[in-house]
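Let me begin by presenting the structure, written as C-alpha cells, before commenting on it.
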Amino acid sequence: MKPEEFLYAESHEWAFIEEVNGDKIATVGISAFAVEQLTDLVFMELPEIGSMIESGSEFGEVESVKAVSSLYSPIDGEVIQVNTDLPDSLEILNEDPYGAGWILKAKVTDDSSLSKLADYTTYQKQCGEDG
Amino acid sequence: MTIQPQDSKTALYQWHVDHAGRMVDFAGWQMPIQYASIIEEHHATRQSATLFDVSHMGRFFFSGGQVEEFLDRMMTRKITGMPQGGIRYSLVCREDGGILDDVLVYRLGTVEGNDQFSMVVNASNREKLWTWFHSQVAGLDVAITDQTEGTAMIAVQGPRALEIVNGPLGFDLSSMKYFSGRHARFHDIPLTVSRTGYTGEDGCELVVTNEFAARVWEELLLNEAVSAAGLGARDTLRLESGMPLYGHELTEEINPWQTSMRFAMSLKDRDFVGKEAVLTAMSDESLPVRVGLVLEGRRAARQDAEVFLGEKLVGCVTSGTFSPTLQQPIAMAYLPREIVAGNNELVVDIRGKKIPAKLVDLPFYKRK
C-alpha cells in the first residue's frame, strides 16, 4: 500500500480501496500529517467489529497528552476488522501511519461515499494550507 | 489604562518560531505549546533541565512607604516581616473569599525609606489584578508599575538546572534558599534570579530586560544538558506536582480554604481581605475540597468531567492529563469532605464512559 494510491478525507483520515471477492474493502487510517499535528498519543478507541460507520461521522477517538480528537469515517461501510495492536502501541502511528498503523477495515456499503474524498495530490495541497 | 495584551510577543518569540515552536494564543500572548513532543519535553525536565519562556506572566513593581502594609492586607499570606530577598507564594482574595489570583511576592529591599516589592501574577489575571490593586490602594503611599512588557522571564527547571546557570552567574545558586531571589549578573548582563518554578523540580527563574533575553536563552542552550520546553509540558509537570492552575483549581468561586493549601494562608494575628470568609469556610463541612484522583486505563479526565459516587454526582474534575512520569491518567477535582474522608470508590464520566478512579494524596509526583 502506498499513500499515493489512497483517498483522503478533509479531516485527515485515509482510505485504501481494494476489490476482494466482488466486495469493495476499505482500509482506513489517519495521515502522517494528522499524526504529526496530534503528537504525544496515549489512547485510541476502536469501533466494534460489525458496527456500521458513516462518511463524515465519528467512529472512534484518539487522545494525546493535551487533547482528545474524534476520528471520522471517510466512507460508508461495515467494520469487518480492527487493528487491535494499535491502542497498546500507538507509536506505530508515528512509524508507519500508512501501513502497520491502519485502524480498521470495512466493507464499503455505498460507493458514492468515496466520491467526496480527495486524491493524494489534492490532500497534500490541503495539508500545505493547514500547516 | 488597558493592559490586556493582544497578539503580544515575548522577546523570545522569533526564537520559538525559528525552532518549530507550535505557537498558540495564551491570554493574549503568542506562546509555544511545544516544540516537538510534550512528553519528551516533560521527561527532559524531570531528568535533566529545560528552559521555559514564561515572559507572559505579569510582573508588577511596588514602591512606597506603605507597600508592606498594603500587600499584607491584600495577601492571604503574611508579608510583614519578610526578609530582603524573600519570596512568598500567596493567594489574592476578594472580601467574600473568591480567589482573584495566586501570585509570588518578592521583597526586593528598602531604598530611602521606600519598600520595594515585585510580584509575578498569572497572565490571564494581569489586568484584573492591576484594577483590583488600584481600587484598594487609595490614600496609601504605594506606587504600582507594570514591568511585564519590558522584561522577559526564563524558567530553568530540572535536576541539572542549577549547575547550568551557576557558570554564567559566577556563584553557586544552591547557596540560596528555595523561595529566595537576588540581583545578579549573567556574565555582564544584569538580571534577577530566584529559586522558584512551577514544575516540581529544582531550578530557578531569571528576569532580564528584553534586549538581553535571547542572549541568555541561547547561551544556556549551548549546554547539552538543556533543551527548550513549551507550555504543554509545563502543564503536565505542574499537574504531576499537584500545583493548582488559575482558571482550573483556583477561581473566583473557590475559597482559599477549599484548595487544601494550608501553607498559603497566614491566619494568626493578622487581617487580610477575605480573612472572615476563610474562617467561615473552615467550619463549613459542606464545601468541596481539592483532591487528587488516579484513573484506570489510559484516558485522561479533562476539566468539567463529572465525578460520581455510585449514581450520585459528587463533584467535577478541574484539570487532568495522562501523566508521562507515572504512565497513568491523573486529575484534580473538588469533592465534598465526607467523601474524601470515606476512602470511597469513585467513577469519572469521560465522554459517556464511567471510568473507576481512586483518591490519592497530592502531589502525584515528588522529586527525590
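Summary table
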| item | result |
| --- | --- |
| Exercise: per-residue mean of other protein chain Cβ atoms within 10 Å, B:300-306 | 2 |
| Cα gyration tensor shape for the stretch B:58-144, rounded if a/c is under 1.5, else prolate or oblate | prolate |
| Cβ-Cβ FRET estimate between B:VAL360 and B:THR80, R0 fixed at 51 Å, reported to 0.05 | 0.90 |
| Partner aspartates and glutamates for A:LYS125 [C-alpha distance under 18 Å; skip if fewer than 8 residues away on the same chain] | A:GLU4, A:GLU5, A:GLU10, A:GLU13, A:GLU36 |
| Linear extension gain, B:ASN343 paired with B:GLU311, 0.36 nm per residue minus alpha-carbon span | 9.9 nm |
| Cross-link pairs B:LYS177/B:LYS268; B:LYS312/B:LYS353; B:LYS78/B:LYS368 - those with Cα-Cα distance over 19 Å | B:LYS177/B:LYS268; B:LYS78/B:LYS368 |
| Length-normalised contact order of the stretch B:58-144 in % [C-alpha pairs under 8 Å, at least 6 apart] | 38 percent |
| Within the stretch B:250-328, GluC sites (Glu not before Pro) in DSSP loop having at most 12 other beta-carbon neighbours inside 10 Å | B:GLU253, B:GLU285, B:GLU311 |
| B:SER319, A:SER73, B:SER63 arranged by Cβ crowding within 10 Å, fewest neighbours leading | B:SER63, B:SER319, A:SER73 |
| Inter-label distance for B:VAL111 and A:GLU48, nm, one decimal - labels placed 7 Å from Cα along Cα-to-Cβ | 7.1 nm |
| Inter-label distance, nm, simple model (7 Å from Cα along the C-beta direction), A:THR84/B:ASP284 | 5.2 nm |
| Sites A:GLN37 and B:ARG185, calculated FRET efficiency, Cβ-Cβ separation with R0 35 Å, nearest 0.05 | 0.25 |
| Percent of alpha-carbon pairs separated by more than 20 Å within the stretch A:19-131 | 42 percent |
| Ellipsoid semi-axes in whole angstrom, largest first, where each is sqrt(5λ) of the Cα gyration tensor of the stretch B:59-99 | 19, 12, 10 |
| Hz values of 3J(HN,Hα) by residue in the stretch A:92-104 - Karplus curve (6.51, -1.76, 1.60), Gly and Pro given as x | 4, 5, 6, 7, 8, x, 9, x, 4, x, 4, 9, 8 |
| Relative contact order %, the stretch B:131-254, counting alpha carbon pairs below 8 Å whose residues are six or more apart | 23 percent |
| B:LEU359, B:LEU220 arranged by Cβ crowding within 10 Å, fewest neighbours leading | B:LEU359, B:LEU220 |
| Positive dipole terminus of the protein assembly as shown, leading residue within A:ILE80, B:ILE99, B:SER118 (C-beta point charges) | B:SER118 |
| The stretch A:81-129 shape via C-alpha gyration tensor axes, a/c threshold 1.5 | oblate |
| Anisotropy class of chain B from Cα gyration tensor, a/c 1.5 cut | oblate |
| Distance-filtered residues of the stretch B:318-350 - backbone nitrogen under 15 Å, label point 7 angstrom along B:GLU253 Cα→Cβ | B:318-319, B:333-336 |
| Inter-chain shielding of B:226-235 (mean C-beta neighbours from other protein chains, 10 Å cut-off) | 1 |
| Residues B:HIS183, B:HIS248, sorted so that the one with the fewest Cβ neighbours within 10 Å comes first | B:HIS183, B:HIS248 |
| Semi-axis lengths, Å, the protein assembly as shown, gyration tensor of Cα atoms, sqrt of 5 times eigenvalues | 47, 28, 19 |
| Stretchable slack from A:ASP111 to A:CYS127, in nm (0.36 nm times residue separation minus alpha-carbon distance) | 3.2 nm |
| Under the Karplus curve 6.51 cos²θ - 1.76 cosθ + 1.60, θ = phi - 60°, whole-Hz ³J(HN,Hα) for the stretch B:102-113, x wherever Gly or Pro sits | 10, 9, 10, 10, 10, 8, 7, x, 10, 10, 6, x |
| Contact order relative to length of chain B, as percent, for alpha carbon pairs under 8 angstrom and 6 or more apart | 18 percent |
| Label-point separation, B:GLU211 to A:ASN21 (7 Å along Cα→Cβ), nm | 7.8 nm |
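Throughout, read-outs are computed from the coordinates displayed, never taken from laboratory work. Keep in mind that this is a model prediction, so the values were computed, not measured. A quick note on method: Cβ atoms are made from the backbone with ideal geometry, for glycine too, and the neighbour counts reach across all protein chains shown.
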